[in-house]
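The values are calculated or read from the model by the stated rules, or taken from the named source; none is laboratory data. Computed from a prediction, not measured in an experiment: that's the story for all the values here. Counting neighbours? That spans all protein chains shown, and the Cβs are built from the backbone with ideal geometry, glycine included. Accessible surface is based on the protein model in full, side chains and every heavy atom, while ligands, DNA and RNA are left aside. Shrake-Rupley method; radii C 1.70, N 1.55, O 1.52, S 1.80 Å.
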Amino acid sequence: MKNLTIAIDGPAGSGKSTISKKIARELNINYIDTGAMYRALTLKILKNNINISDKIELHRILQDTSIDFRDNHIFLDGEKVDEEIRDNQISTSVSDVAKIKEVREKLVEIQRNIASNKSVIMDGRDIGSFVLSDASHKFYITASIEERSNRRYKELKEKGYNEELDEIIKEIRERDRIDSTREHSPLVKCKDAIEIDTTNKTIDEVVSEILDIINRGGK
Ligand code: C5P
């Protein structure tokens with residue numbers, strides 16, 4: 001049977017990863033969080049004080065780094081970094097790393113390799129438009145900036161962080177701006193993606209909406 005490939009794109013905090021994880025479980029397929037890969041590389045760059053505008057230094061770090069997504073965990077040079085990559089400092093720096101062509105080339109190659117011989121649901125910004133442009137199903141998940149920021153605020157509060165809502169709104173807005181205006185593979189809603197606005201919907205409602213579409217054989 002042909003492998004199932006599901007592309008989920010959308011702006012920061014739209015609920016993509018929670019939704020994708022649930023769908024992966026329902027369909028018993030692999031979930032690949034490509035944002036976690038860009039975050040892991042950013043972690044390495046910050047830890048090693050790499051100057052990303054120095055092409056030689058950047059090239060060296062890209063050659064020297066292994067990033068892998070396995071069993072819902074992100075590995076940087078063989079070490080699990082699930083928690084560290086969620087740090088606020090990573091969130092505010094990741095889009096400047098992700099806009100670099102050489103960075104995208106390296107991570108896209110890894111992503112396509114992972115998806116080459118199995119059924120996957122992959123979430124990110126350029127999955128339907130570029131990474132898996134011939135995916136069997138494409139979705140664009142969005143929500144208002146207020147809703148996305150509020151969700152992030154609550155999530156951080158539950159984890160014990162005391163981030164100001166205004167700061168979160170600013171960070172998400174800036175990340176969306178960089179991600180959607182960059183030169184290489186910007187965040188776009190591609191023509192053949194189904195758009196779902198999750199502003200007034202629960203996660204479970206969105207999950208069943210997507211599963212219905214997939215089970216009906218829709219794009
Ligand atoms: O999905 P998440 O919000 O964790 O992604 C973090 C950042 O990684 C995004 O803001 C974007 O800059 C970058 N990213 C990307 N392409 C992807 C996934 C994420 O440029 N496919």
Wholly inside region 141-219, helices (runs of 4 or more DSSP H) that include 3 or more residues that are within 16 Å of the ligand (Cβ to nearest atom) are 145-158, 165-181
Residues being farther than 15 Å from PRO11 by Cα and either of a type in the set (S, T, N, Q) or part of a strand (DSSP E or B) (or both): count how many of those fall in region 92-137. 11
Is it the case that some residue within region 176-185 is modelled with pLDDT of 95 or more, touching a Ser or Thr at 6+ places or on another chain (Cβ under 6 Å) and closer than 18 Å to ALA12 by Cα? yes
Take VAL108 and tell me if it is touching a residue at least 12 places away in the same chain (Cβ under 8 Å) and under 21 Å from GLU171 (Cβ atoms). no
Selection count where residues are farther than 22 Å from ARG39 by Cα and open to solvent by 50 Å² or more (accessible area, probe 1.4 Å), scope region 133-163: 4
Filtering region 91-110 for residues that are modelled with pLDDT under 95 and either closer than 23 Å to ASP54 by Cβ or open to solvent by 50 Å² or more (accessible area, probe 1.4 Å) (or both) leaves a count of 1
What are the residues in region 21-40 that are within 12 Å of the ligand (Cβ to nearest atom) and aromatic (Phe, Trp, Tyr), if any? TYR38
